[in-house]
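Bear in mind that the values in this text are calculations on the coordinates, not laboratory data. Keep in mind the model is a prediction, meaning the values are calculated, not measured. Here the Cβ positions follow ideal geometry from the backbone for every residue, glycine too, while neighbour counts run over all protein chains shown.
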Amino acid sequence: MKDIVLCLFATAGFDKAAQGLTGVAQRLAAESGGQVYAILLGSGAQAIAAEIAPFVQTVLLGDQAELAEYQPELCLDLLVQICAKLQPRAILLSSDTYSQELAPRLAHRLAGSAVGDGIALTVNDGALRITRQVYGGKAQAVIELKRTPAVAWLRGNSFAPATAAAVSGEIKPIAETPKADLRSRIVERKREDTGELRLEDARVIVAGGRGVGGPDPFKTELRPLADLLGAQLAATRAACDAGWVSANWQVGQTGKHVAPDLYLAVGLSGASQHLAGISEAKNVAAINTDPEANIFKHCQFGIVGDFRKVVPLLRQKLEALSK
């Protein structure tokens, strides 16, 4: 049991999170003298396989018609068949909803152990140890997975990206056929095309909270600022629950976990649940009228003031610099 298996879905592509996950797999395989296998499932997998091949030894391609749409039972059955043959040391998945659904079930079927939401990974006497945040990011727990295979879904953005090898890996179609008793089926799928970069991949994010007061400031104040910064817009759960912005904008413990170079927090207090989603941000700046707001304890730059006065001044400065 030296090999490492990556489980990836074509819908996400070979994004920043997948690259970080692949980097972890490379490190583990190098330490154990094993190989990295990437199992790629879903429609369009053939095109993405070529992007992944330079970073792994083998890409196992699953683009059968049955897998065009994600079905948990089919994907689970296929992964169980493949991993039972490979008998890997570890199976790594990303932090998408598909992976979170499959990881514990996959570990159970393979008599292994599972943990989720990892932000760091180490090896101790041959056993994998996963570090994850607890209590809304106020503390960290280190969990040792004693049974193999160790199945873990990780925040890929928390890890250094993979490095390409001199020779690309082999791309092979999956020989196994999924055989599952479907207990559920997708009857309708609605996609919201925002035309914007995913928050998880954004380098700069401008986020608004309850303190902005309503939906209009997102359009009139934060959007122009974000455009000048080349940033994506985000929000707290309170702003999303109030219907001010799309739920896809939510960052936090129950939303998206982001790792931008700059996170500009406007009118948000800094609740622990929100901070859990921005713990990997390299720089945090905040604008808030309350000098005692918790966000100021977790940022590198802070301005105490009304965002309605501060944001226009920031825009003026940025416009002047861009000329």
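What does the extension gain come out to for Gln100 and Lys309, with contour length at 0.36 nm per residue minus their alpha carbon separation?
Once the chain is fully extended between Gln100 and Lys309, it gains 71.0 nm.
Cβ neighbours within 10 Å, averaged per peptide: list 201-209, 253-261 in order, most packed at the top.
On the way: 201-209: 23.4, 253-261: 19.8.
Result, highest mean Cβ count within 10 Å first: 201-209, 253-261.
For region 90-113 and region 153-184, write down the distance between their C-alpha centroids in whole Å.
Taking the Cα centre of each part, region 90-113 and region 153-184 sit 13 Å apart.
Provide the gained length on full extension for the span Ser43 to Lys297, in nm with one decimal, where the gain is 0.36 nm per separating residue minus the Cα-Cα distance.
86.9 nm
Grab the DSSP H runs of the chain that are 4 residues or longer, score each as -39,500 (n - 2.57), total them, divide by all residues and round the 222 nm result to the nearest 500 deg cm²/dmol.
Using -39500 (n - 2.57) per qualifying helix, the result is -8000 deg cm²/dmol.
Counting only the backbone N, which residues of region 220-237 are under 17 Å from the spot 7 Å out from the Cα of Arg203 toward its beta-carbon?
Under 17 Å, as judged by backbone N against the label point of Arg203, lie 226-233 of region 220-237.
Of the cross-linked pairs Lys16/Lys146; Lys219/Lys317; Lys16/Lys282, which ones have a Cα-Cα span greater than 21 Å in the structure shown?
Lys16/Lys146
Identify which of Lys172, Lys85, Lys146 has the largest mean-square fluctuation in a Gaussian network model of the chain, with springs joining Cα atoms closer than 10 Å.
Taking springs between Cα atoms under 10 Å, the residue moving most is Lys85.
Which net charge results when you count Lys and Arg as +1 and Asp and Glu as -1 among the other residues whose beta-carbon is under 13 Å from that of Val284?
Working: positive: Lys282, Lys297; negative: Asp261, Glu280.
Residues close to Val284 contribute a combined charge of 0.
Given the options Arg308, Arg147, Arg237, state which has the largest fluctuation in a GNM of the chain using a 10 Å cut-off (strictly under) for Cα springs.
It is Arg308.
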